[in-house]
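Here's the structure, in structure tokens; my notes come after.
The values are calculated or read from the model by the stated rules, or taken from the named source; none is laboratory data. Model, not experiment: these values are computed from the prediction. Don't worry about glycine lacking a Cβ; one is built from the backbone with ideal geometry, like all the others, and counts go over all protein chains shown. Side chains are part of the model used for accessible areas, which takes the heavy atoms of the whole protein and leaves out ligands, DNA and RNA. Shrake-Rupley method; radii C 1.70, N 1.55, O 1.52, S 1.80 Å.
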Amino acid sequence: MRIVLTIKEARHGLWCICTGEAVLYDKLRFAHAVRLARGLAREEYANSGNAVSVEMACAGFTISLLQHACSSAVRRAAA
């Protein structure tokens, strides 16, 4: 299972953190959004071993900011 956290620009120059269509956090300054998303990804990876990535979505492109790969122990257990 792969989880993607996306940082998107919201209104008035503030940012939000989403997963899919669900908004997890809103009305954040850019630096805080990046730190929070990275922390959430690190925590999810540590707790579940699932692959997690953080991306920043812009108007015409997406930038990958962080990726935690699925641990091999979790992959073996799932097989």
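Considering only residues in the stretch 1-16 that are closer than 15 Å to CYS58 by Cβ and either under 11 Å from the mean Cα position of the chain (by Cα) or not aliphatic (A, V, I, L, M) (or both), the one that is most open to solvent (accessible area, probe 1.4 Å) turns out to be GLU9. Screening the stretch 21-79 for strands (runs of 3 or more DSSP E) wholly inside it with 1 or more residues that are at pLDDT below 85 returns the ranges 62-68.
Among the residues of the stretch 25-47, those that are over 10 Å from the mean Cα position of the chain (by Cα) and open to solvent by 40 Å² or more (accessible area, probe 1.4 Å) comprise TYR25, ASP26, LYS27, ARG29, PHE30, ALA31, HIS32, ARG35, GLU43, TYR45, ALA46, ASN47.
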